[in-house]
Amino acid sequence: MAFTIKVNGTAHKADVDADTPLLWVLRDVLGMTGTKFGCGVALCGACTVHIDGVPARSCVTRIDAVGDKPITTIEAIGQTPTGKALQKAWLELEVVQCGYCQSGQIMSAAALLAGTPKPSDADIDAAMTGNVCRCGTYQRIRAAIHRATA
Amino acid sequence: MSERPVSLDRRTFLKAGAAVGGGLVINFALPLALRPALAQPATSSAFAPNAFVRIDPQNVVTLVMPMVEMGQGIYTAMAMLLAEELEVGLDQVRLEHAPPDDVLYGNSILHGQTTGDSASIRAFWVPLRQAGAVARILLIQAAAKQWGVDRNTCRAEHGAVVHTASSRRLAYGDLVNAAAALPVPSLDGVLLKRPEEFSLIGTPAKRLDTPAKVDGRTEFGIDVRLPGLKVAAIAISPVRGGKPRSVNEAAARAVKGVRQVVTIDEAVAVVADHLWAAKKGLKAAAVEWDDGPNASVDSAGIIRQLEEASMQPGVVARNEGDAEKALAGAAQRLDAVYQLPLLAHAAMEPMNCTVHYTKDACDVWVGTQVPTRTQDSVADLTGLPKNAIKIHNHFIGGGFGRRLEHDGTLLAVKIARHVIGPVKVVWSREEDIQHDLYRPYYYDRLSAGLDASGAPVAWTHRVAGSSIFARWMPPVFQNGLDPDAVQVAADPLYTFPNMHVDYVRVESPAIQTAFWRGIGATHNVFVVESFIDELAHAAQKDPLMYRKALMADPRALGVLNLAAEKAGWGKPLPARWGRGISVQLAFGSYLSQVAEVEVMSDGSIRVHRIVCTADCGIVINPDTIAAQVEGGTLFGLTAALYGAITLKNGRVAQGNFHDYRPMRMNEVPVIETHLVKSAESPGGFGEAPTAAVAPAVTNAIFAATGTRIRTLPIDTRLLK
């Protein structure tokens, strides 16, 4: 089936089965590889994108469920003030190690700040616990989220 | 891994010359002791005009990175070493992944182009600074010649040579062609800066790789895009040694987007336009397996085999005095068995490899810690000459030792031989966990004898487990002894008058074993630091004071004392809270940790705070050290709390992050790093904190509850 999805403000066509997860459309069909594959079953958050401003695990989000809702990925989150502030804080505090999970971390953090501009540590726990980092950058992620809102 | 440093000052062969298309190039050739066939060409090899350090007429400094970046910060740290002596800003250095070449890009400690063993800084600390210094000297000479002035009246700063008296200035780019024609100064006359002269080394310089990692631009191996690229999903025999028995190819090919089904000895791959089609095709293929001879192997059997082997004497790794006799005469005797589980690496980036195979060439795109081993093995597999095999290295989304193995590349090449055009093989998370090469299961048997005052008079430690080196680098496995299996155990920081350490090799055909972050230290620091804690309590001594009484090394005492001070050792804690301490020398660095742990009434554990002190010699980038303390500690803590791979019916029982749990944001303790200032040469660091944390936590659990944890992961049912 042919689907048209709106990613970072641009319409893209994808001729795939209706059950195809958004992740593989982004990565393999559209060639937007900033969104990462980590587990395939919404356990790690590496594939997090925003659909209509809401964080979604793109590895379990069927393309036919997206409709014409706008999708934002890591490639464009820096165009929002919140995304830009987060990226800046991430670099100031040198959060990143291998970096593979950080697209998803930043997308989850951006969604958190959209709804909760001044999150507490408990808010951060609640919003970020679904995002795994095997390098163990959690302490700095927490600090960077606070810094981005300062 | 074994550490056999060569004296770099005397044995590095440094060359300088002109680059293709203009510019100055500095080359190294390192002698590689375990590769004698290569050592000879190293001394006489022709100048390689693209290698290592290039400065082009546009003033761009390129460092061709022999070591791969997988989060440890090596890109930045190595660039800092070069920039310090070359007198350029870090922002002037561009980085390129090196092609495979053991001679030009070899790590002298690891005898090849291998990123591992926390050895990169130790190996390149001297030669990279020498490269920068030689280039700087040549550039200054070239400028002085052009100006007709004494070179001692010129200085280098920020990528330019300046004549101090006249303030004339020439950018390096304007000098490189003249510099390339000058004779290379003897390394004996090249003076490197003293630590007090450093302007970059020792500063928290910003990492060079991170800006592209916060906006999705970084290309990891899994992100490779090529014209005509196909993507493959793979199912590997769930039991090692098994083979596909039936594959419904027609059903797989009926899935939209599927192009091809490839069946090889041990696996089935479905090649498609995108990974979802490949995954659907693989499911439709409904592969059935002949499990082969390992279908009845389970964890209980593996542990039983280890237990039995540990009853027999092993190959002696260390013997002092007469431990048996001293044990027999001791006032008090302690015996204990410690066990550590199989562990998967479970890096965030699942295994993947892209290959374009044709009849006379093979291109491989992969993130690898071992580019030359990969190239050699692909040559062996395909029969192609080595120079027909190109390894395009990539950033790695977490290595932890997994990418010291090239099994994924060989599988991808076997598949790609059946595919026209490039194909990217991407493993599912389940394949990644179930077809890892695992950190060995270790079964350690220890005894100690104390005299009437509680001081140890005897210490014996027998390690039973798989030998990684016997497979990975057989020359290191000599006379039945694997130095990794007894790392730290054979050389503890403590002095025992009578001591016996031995090793019994035990292998299971159902699994392969491999290095895992922290290697031998992660195993033996847990065992040694736990058992010494047992001795302290048996002697009714404070665990900190007991350790100090047995140690003479001032650097070890330095980190231990600082950790105790920063953690508030001895200060009262609430009920069911405890502090535990560990200390170690591994990878050339000293480390001590104090963990503050609360044990809940249901047995669950909350690690509140970890204080880590380190003396790792001269620090290149203190922020990277802190980051490695934070990350390495959580990697080790995750394993101590949750990590276990088990086998049932020859199959790995775990498959994803729900049953092979990583620590998450809501669980992590506060981690503090405190560095001891040192003028010693740098030690390795990426793995050290991973080793330190488990015994600090289990010793804290003992302090909180009186229960000694001797088997990992921690069984919280014992703590109710």
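Over 25 Å between Cα atoms: which of B:K283/B:K424; B:K230/B:K256; B:K279/B:K424; B:K283/B:K359; B:K193/B:K548; B:K213/B:K256 fall into that group?
On the way: B:K283/B:K424 18 Å; B:K230/B:K256 14 Å; B:K279/B:K424 13 Å; B:K283/B:K359 31 Å; B:K193/B:K548 36 Å; B:K213/B:K256 34 Å.
Going by Cα-Cα distance, B:K283/B:K359; B:K193/B:K548; B:K213/B:K256 fall outside the 25 Å limit.
Could you grab the relative contact order for chain A? Cα pairs under 8 Å, six or more apart, rounded to a whole percent. Result for chain A is 24 percent.
One compactness figure for chain B is 1.01, namely its Cα radius of gyration divided by 2.2 N^0.38 Å.
Comparing the stretch B:181-231 with the 2.2 N^0.38 Å rule of thumb, its C-alpha radius of gyration ratio is 2.13 (two decimals). Put one equal scatterer on each alpha carbon of the stretch B:8-212, apply the Debye formula with no solvent term, and list log10 I(q)/I(0) at q = 0.08, 0.10, 0.14, 0.17 1/Å to two decimals. Results for the stretch B:8-212 at q = 0.08, 0.10, 0.14, 0.17 Å⁻¹ read -0.25, -0.40, -0.79, -1.16.
I'd like the mean, over residues of B:273-286, of how many other protein chain beta carbons sit within 10 Å of each residue's own Cβ.
Details: counts 5, 9, 9, 14, 5, 2, 4, 3, 0, 0, 0, 0, 0, 0.
So the per-residue partner count for this stretch is 4.
Compute the acute angle (0 to 90°) between the alpha-carbon long axis of helix A:81-92 and the principal axis of greatest extent of the alpha-carbon atoms of chain A; round to the nearest 10°. Helix A:81-92 sits roughly 60 degrees off the main axis of chain A.
With q set to 0.10, 0.11, 0.18, 0.20 Å⁻¹, the log10 of I(q)/I(0) for the stretch B:501-660, from the Debye formula over equal scatterers at the Cα positions, is -0.47, -0.56, -1.30, -1.46.
What is the sum of charges around B:H392, taking Lys and Arg as +1, Asp and Glu as -1, for the other residues whose C-beta is under 13 Å from the C-beta of B:H392?
Values: positive: B:R225, B:K390, B:K424; negative: B:E96, B:E219, B:D223, B:D363.
Taking every other residue near B:H392 into account, the sum is -1.
Assuming charge only on the beta carbon of Lys and Arg (+1) and of Asp and Glu (-1), the dipole of chain B about its Cα centre is about 1000 debye to the nearest 20. Under 20 Å from the Cα of B:K541, which lysines turn up, not counting those fewer than eight places away in the same chain? Reachable lysines: B:K571.
Could you sort A:24-37, B:505-518 so that the peptide with the highest average Cβ count within 10 Å comes first and the rest follow in order? Please list the in-between numbers first.
Details: A:24-37: 23.7, B:505-518: 22.1.
Answer by packing, highest mean first, reads A:24-37, B:505-518.
Both numbers refer to the Cα atoms of the stretch A:82-150; Rg and Dmax are 10.4, 28 Å.
For the stretch B:147-244, the equivalent ellipsoid derived from the alpha-carbon gyration tensor has semi-axes of 51, 19, 18 Å in decreasing order. Once the Cα-Cα distance is subtracted from the 0.36 nm per residue extended length, the B:S167 to B:T203 segment shows a gain of 10.1 nm.
For B:V425, the residues whose modelled amide H falls within less than 5 Å of its own, excluding neighbours fewer than 5 places apart on the same chain, are B:A232, B:C353, B:T354, B:V355. Centroid-to-centroid, using Cα positions, the stretch B:449-486 and the stretch A:1-49 are 50 Å apart. Here the mean projected area of the convex hull built on the C-alpha positions of chain A is 8.0 nm².
Projecting label points 7 angstrom from Cα along Cα→Cβ for B:D491 and B:A309 puts them 2.4 nm apart.
In order along the stretch B:206-213, the phi-based Karplus estimate (6.51 cos²θ - 1.76 cosθ + 1.60, θ = phi - 60°) of 3J(HN,Hα) comes to 5, 5, 7, 8, 7, x, 7, 9 Hz; Gly and Pro are listed as x.
Overall dimensions of the stretch B:535-582, expressed as equivalent-ellipsoid semi-axes from the Cα gyration tensor (√(5λ), whole Å, largest first), are 20, 15, 7.
Counting only Cα atoms, the stretch A:2-73 measures 28, 24, 20 Å along its principal axes, largest extent leading. Extending 7 Å from the Cα toward the beta-carbon at both B:S681 and B:E157 defines two label points whose distance is 3.3 nm. Each label was represented as a point 7 Å from its Cα along the Cα-to-Cβ direction; for B:S453 and A:D64 these points are 8.1 nm apart.
Where in chain B are the helices, taken as whole DSSP H runs, whose Cα atoms extend 20 angstrom or more along the long axis and whose Kyte-Doolittle mean reaches at least -0.5? Membrane-span-like by this rule: B:120-147, B:519-538, B:622-642, B:688-705.
Over its Cα atoms, what ratio of radius of gyration to 2.2 N^0.38 Å does the protein assembly as shown give?
Working: Rg = 27.6 Å, N = 870, 2.2 N^0.38 = 28.8 Å.
Its radius of gyration relative to the 2.2 N^0.38 Å reference: 0.96.
Across peptide B:628-638, the average count of Cβ atoms from other chains found within 10 Å of a residue's Cβ is 4.
The stretch B:561-608 and the stretch B:166-193 have their alpha-carbon centroids 52 Å apart.
Among B:418-429, B:229-240, sorting by the average number of other beta carbon atoms lying within 10 angstrom of each residue, highest first, gives B:229-240, B:418-429. Expressed in Å, the radius of gyration and Dmax of the Cα atoms of the stretch B:613-720 are 16.6, 54.
Every number in this text was worked out from the coordinates using simple rules, so none of it is lab data. Only a predicted model underlies this, so the values are computations on that prediction, with no experimental measurement involved. Using ideal geometry, Cβ is built from the backbone for each residue, glycine included, and neighbour counts are taken over all protein chains shown.
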